[in-house]
Amino acid sequence: MVYGALENATEAALTDPDFQSRDILQWGGALEMEYRPNGNLSFHLDGGIASGDDAEYFGVLDQVNFYEESDGSVTKNAKLTNFRFDRNYHVDQLLFREVIGAVTNAWYVKPGIQYDLFDSADDALAARVDVLTAFAMEKEATPGNDGFYGVEIDTMLFYEEMNRFRADILWSTLLPGAALDLAEGLNQAAERQTASDFAMTIQARLFLMF
């Protein structure tokens, strides 16, 4: 949780002193669970939540929400309530990591399953599949004014020696939801634009631990 206040939050677009103070109330949390019925098979369930803000902004890469725009006028966003996960806390490969920038204004659930050919704690040759589904806490802050971010499927084949070496091949696909659309009037859009295309990444990675 982040709680506090700013007495002098300055921004170039607003010079009125009445716009400077801000109250802060942000909160979030994450949970990771694993069930291993035997040495080879494991089931995973991850979840997380981060408070949002109804000010019209999106993501953490290039946006601020110190003020709001409504009907062409600028007003003070008096309470900053959007919690942001550390960007080094990776829950996926595309949606939060690349599109939004971090987990914020969202709740998500990610079940997964992994099978390891080796019944050993020191090394692994395994395949894993995770399916992440994410929703917005404040739909007004999304480009599509909708609560559904989408579904991401992450598939991985990897070999690992504990604390020494890891190599993997990763294939991730993001199926965007209506929250990633562009609503009419946003960024001068004449009509609603649908995020109909999916995103995909295929990566081969090598890690050396020392």
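The values are calculated or read from the model by the stated rules, or taken from the named source; none is laboratory data. Note that the structure is a prediction, hence the values are computed from the model and not measured. Backbone-built Cβ (ideal geometry, glycine too); neighbour counts: all protein chains shown.
Scan the range 196-210 and report the pairs whose first residue is over 23 Å from Leu95 (Cβ atoms) and whose second residue is modelled with pLDDT of 90 or more and in a loop (DSSP other than H, G, I, E, B), with Cβ atoms within less than 8 Å and a gap of 6+ or a chain change.
Once the first residue is over 23 Å from Leu95 (Cβ atoms) and sits in the range 196-210, its partners that are modelled with pLDDT of 90 or more and in a loop (DSSP other than H, G, I, E, B) give Leu208/Arg164; Met209/Arg164.
Return the pair list, or none, for Cβ contacts closer than 6 Å from residues in the range 20-31 that are of a type in the set (Gly, Ala, Ser) to residues that are loosely packed, with under 15 Cβ neighbours inside 10 Å and at pLDDT below 95, at least 6 apart or on different chains.
Cβ pairs passing all conditions: Ser21/Glu7.
Could you please let me know if Met162 is surrounded by fewer than 16 Cβ atoms within 10 Å (Cβ to Cβ), over 22 Å from the mean Cα position of the chain (by Cα), farther than 30 Å from Leu80 by Cβ and in contact (Cβ under 8 Å) with a residue 24 or more places away in the chain? Steps first, answer last, please.
Working: surrounded by fewer than 16 Cβ atoms within 10 Å (Cβ to Cβ): yes; over 22 Å from the mean Cα position of the chain (by Cα): yes; farther than 30 Å from Leu80 by Cβ: yes; in contact (Cβ under 8 Å) with a residue 24 or more places away in the chain: yes.
Answer is yes for this residue.
Before we move on, is Asp18 in a loop (DSSP other than H, G, I, E, B) and either at pLDDT below 65 or within 18 Å of Glu140 (Cα to Cα) (or both)? Give the steps one after another, and end with the answer.
On the way: in a loop (DSSP other than H, G, I, E, B): no; either at pLDDT below 65 or within 18 Å of Glu140 (Cα to Cα) (or both): yes.
Against the criterion (in a loop (DSSP other than H, G, I, E, B) and either at pLDDT below 65 or within 18 Å of Glu140 (Cα to Cα) (or both)), Asp18 does not qualify.
How many residues does the range 43-58 hold that are more than 15 Å from the chain's Cα centre (by Cα), crowded, with 21+ Cβ neighbours inside 10 Å and at pLDDT 90 or above?
Going through the range 43-58 one residue at a time, the tally reaches 0.
Any residue that is at pLDDT 85 or above, under 18 Å from Leu25 (Cα atoms) and charged (D, E, K, R) - is there at least one of those in the range 86-106?
Within the range 86-106, one or more residues are at pLDDT 85 or above, under 18 Å from Leu25 (Cα atoms) and charged (D, E, K, R).
Among what's in the range 137-159 and is surrounded by 21 or more Cβ atoms within 10 Å (Cβ to Cβ) and acidic (Asp, Glu), pick the residue that is nearest to the chain's Cα centre (by Cα).
Glu152
Of the conditions (1) in contact (Cβ under 8 Å) with a residue 40 or more places away in the chain; (2) buried (at least 20 other Cβ atoms within 10 Å of the Cβ), Gln114 satisfies every one except a single condition; which number is it?
Of everything listed in (1) in contact (Cβ under 8 Å) with a residue 40 or more places away in the chain; (2) buried (at least 20 other Cβ atoms within 10 Å of the Cβ), Gln114 misses just condition (2).
Scan the range 72-97 for residues that are in a helix (DSSP H, G or I) and in contact (Cβ under 8 Å) with a residue 12 or more places away in the chain and jot them down.
As a first pass, look at the range 72-97 and keep what is in a helix (DSSP H, G or I): 95-97.
Those that are in a helix (DSSP H, G or I) and in contact (Cβ under 8 Å) with a residue 12 or more places away in the chain: Leu95, Phe96.
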